[in-house]
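The values are calculated or read from the model by the stated rules, or taken from the named source; none is laboratory data. Note that the coordinates shown come from a computational prediction; the quantities given were computed from them, not determined experimentally. Every residue, glycine as well, gets a Cβ built from its backbone with ideal geometry; the counts of neighbours run over all protein chains shown.
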Amino acid sequence: MLTQYHIEIMLASLGGRLSPRAMSVIVQANINQDRLAGQIGHDEFHFDNNAFDKSYAYIGEQRALAVSSLKSGDADSAWKAFGRFLHAAQDFYAHSNYITLWVNRFEGKSLPPPPEVDPMDPDLIHSPDLRSGKVYYPFELLYFFPRTRALSLRILPRDSHAWMNLDSPEQGFKFDYAMHAAIKRTVIEFEKMTGGFSEEMCRLFLDNKNR
Ligand SMILES: [Zn+2]
């Protein structure tokens, strides 16, 4: 997803739950995953290239790091790890065909509106048809420039990131479903992580005292 949408997802899902200071560190760590050095060779940051196992392992590892950092009183490292793995969880809906598989279930019926999307349907998450966009370098780079976007789409196959992504509203109606799924998933990840926190860890992580 483009940076502005990651920020929008973070505010829509977690705005008001943590202090502005905490939110700022988390959001910065989230969007920093899309820096150039985080794009190349890091499929697990973005659920690219069908790297599902690697991406889930990355989320688990960063979640564990967030928890261990908090236990040692280091909220800053915990916020950064949380922001990093939320980026991956959000990109899942933009870079895989999860939303397409969900929408396709309603063929011939009326499609529920985007806020009703289910972000965690186990049958779809484990579907043999689940795929994510392959990144074909260097042609994929042409996709990011307006002048060469059409050319890149002529060159790149249908299973490429360029064809499959739901990174912005330009990609059509499914983008709204990806946004709502990412917002809901972010709340789920927040609740999953903080659910196991002690009172002291909650105080450190939410940072509410400093408001
Ligand atoms: Zn990304």
Please state which one of Phe92, Phe139, Phe82, Phe144 is within 30 Å of Arg203 (Cβ to Cβ) and among the aromatic types (Phe, Trp, Tyr).
Phe82
Filter region 153-190 down to residues that are in a helix (DSSP H, G or I) and either more than 15 Å from Val117 (Cβ to Cβ) or not β-branched (Val, Ile, Thr) (or both), then give me how many there are.
23
Filtering region 22-49 down to residues that are out of contact with any helix residue (DSSP H, G or I) (no Cβ under 6 Å at 6 or more places or on another chain) and either more than 23 Å from Ala78 (Cβ to Cβ) or away from the ligand (no atom under 16 Å from the Cβ) (or both) yields Met23, Ser24, Leu36, Gln39, Ile40, Gly41, Asp43
Taking the criterion of being loosely packed, with under 15 Cβ neighbours inside 10 Å and within 17 Å of the chain's Cα centre (by Cα), would at least one residue in region 120-129 satisfy it?
yes
Count - residues of region 1-18 that are more than 16 Å from the ligand (Cβ to nearest atom), in contact (Cβ under 8 Å) with a residue 12 or more places away in the chain and not aliphatic (A, V, I, L, M):
2
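Yes/no per residue for (1) under 29 Å from His126 (Cα atoms); (2) basic (Lys, Arg):
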| site | (1), (2) |
| --- | --- |
| Ile7 | yes, no |
| Gly16 | no, no |
| Arg21 | no, yes |
| Ser24 | no, no |
| Ala29 | yes, no |
| Gln39 | yes, no |
| Asn49 | yes, no |
| Ser55 | yes, no |
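Check whether at least one residue in region 111-133 is of a type in the set (D, E, K, R), touching a strand residue (DSSP E or B) at 6+ places or on another chain (Cβ under 8 Å), part of a helix (DSSP H, G or I) and more than 30 Å from Ser19 (Cβ to Cβ), and report yes or no. Steps first, answer last, please.
As a first pass, look at region 111-133 and keep what is of a type in the set (D, E, K, R): 116, 118, 121, 123, 129, 131.
Checking which are touching a strand residue (DSSP E or B) at 6+ places or on another chain (Cβ under 8 Å) leaves us with 131.
Applying the additional criterion that residues be part of a helix (DSSP H, G or I) yields none.
No: zero hits.
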Whether any residue in region 36-57 is aliphatic (A, V, I, L, M) and touching an Asp or Glu at 6+ places or on another chain (Cβ under 8 Å) is what I want to check.
yes
Every residue in region 60-107 that is within 19 Å of Gly38 (Cα to Cα), of a type in the set (A, V, I, L, M) and surrounded by fewer than 19 Cβ atoms within 10 Å (Cβ to Cβ), please.
Leu65
Scan region 169-202 for residues that are at positive phi and surrounded by 13 or more Cβ atoms within 10 Å (Cβ to Cβ) and report the count.
0
Residue list for region 80-110, filter: part of a loop (DSSP other than H, G, I, E, B) and either within 16 Å of the ligand (Cβ to nearest atom) or under 27 Å from Phe45 (Cβ atoms) (or both):
Asn97
When the residues of region 5-45 are narrowed to those that are part of a helix (DSSP H, G or I) and loosely packed, with under 15 Cβ neighbours inside 10 Å, which ends up modelled with the lowest pLDDT?
Leu36
